[in-house]
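Comments concern the structure below.
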Amino acid sequence: MQNAVRRIYIMSDIIVKTSKKKEIVNITNLVNSEIAKENISSGVCVLFAKHTTVSLTIADLDPGTDLDILDAFDAIIPKLKYRHPHDPSHVGDHILSALAGCCLTIPITGGICDLGTWQNIVLVELNGPRIREISIKLVKSD
């Protein structure tokens, strides 16, 4: 018989206020603070952005990399005649959010997100400035 792993699920929200139309916001410290607050040393962190014009990803944030990512995102979206009923001008933002994704799953080791040396958890604002809500679920496995 395998040893049973005791799991505890904790759910909360992180609020991020963006300040620009398009920007990348490093939320690694916010996420790690939530993990520390719950005293979780090992487990999994699941993040979910509750918006359709924002995405979550892992990125290197050397100086200028955030702007390179935003420029590349802009280059991906074709300038078409979109049919979005309430505001066709931001259909590209919806498309980028769908392509980049709104959810991340990250292991927790030693009480923090187990990220590589250059990795950061980032929110990609595509239609700001706005107040963004990110659902965080922590699964404790120690």
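Filtering the stretch 131-142 to residues that are under 30 Å from ALA75 (Cβ atoms) and surrounded by fewer than 16 Cβ atoms within 10 Å (Cβ to Cβ) leaves ILE131, GLU133.
Name the one entry in THR28, THR65, THR52, THR18 that is at pLDDT 90 or above, touching a helix residue (DSSP H, G or I) at 6+ places or on another chain (Cβ under 7 Å) and not hydrophobic (A, V, I, L, M, F, W, C). Spell out the reasoning first.
Values: THR28 fails: touching a helix residue (DSSP H, G or I) at 6+ places or on another chain (Cβ under 7 Å); THR65 fails: touching a helix residue (DSSP H, G or I) at 6+ places or on another chain (Cβ under 7 Å); THR18 fails: touching a helix residue (DSSP H, G or I) at 6+ places or on another chain (Cβ under 7 Å).
Matching residue, one of THR28, THR65, THR52, THR18: THR52.
The set of residues from the stretch 91-114 being more than 14 Å from the chain's Cα centre (by Cα) and either under 18 Å from ILE40 (Cα atoms) or not hydrophobic (A, V, I, L, M, F, W, C) (or both) comprises GLY92, ASP93, HIS94, PRO107, ILE108, THR109, GLY110, GLY111, ILE112, ASP114. On inspection, LEU123 does not qualify as part of a loop (DSSP other than H, G, I, E, B) and either within 27 Å of GLY43 (Cα to Cα) or modelled with pLDDT of 90 or more (or both). Taking the criterion of being over 16 Å from the mean Cα position of the chain (by Cα) and either among the aliphatic types (A, V, I, L, M) or part of a helix (DSSP H, G or I) (or both), the only residue of the stretch 126-142 that qualifies is VAL139. You will find that of SER141, SER89, SER135, SER33, the residue that is of a type in the set (Gly, Ala, Ser), farther than 16 Å from LYS21 by Cα and modelled with pLDDT under 95 is SER141 and no other. Scanning the stretch 35-80 for residues that are part of a helix (DSSP H, G or I) and touching a strand residue (DSSP E or B) at 6+ places or on another chain (Cβ under 8 Å) gives ILE35, ALA36, THR65, ASP66, ILE69, LEU70, PHE73. Taking each residue of the stretch 103-116 that is surrounded by fewer than 12 Cβ atoms within 10 Å (Cβ to Cβ) and modelled with pLDDT of 95 or more and looking for partners that are β-branched (Val, Ile, Thr) and not in a loop (DSSP other than H, G, I, E, B) with beta-carbon atoms closer than 6 Å, six or more apart or interchain, yields THR105/VAL46.
The one condition from (1) assigned to a strand (DSSP E or B); (2) crowded, with 17+ Cβ neighbours inside 10 Å that ASN32 does not meet is (1).
The values are calculated or read from the model by the stated rules, or taken from the named source; none is laboratory data. For clarity, every value in this text was computed on a predicted model and none was experimentally measured. So basically every Cβ, Gly included, is an ideal-geometry build from the backbone, and we count neighbours across all protein chains shown.
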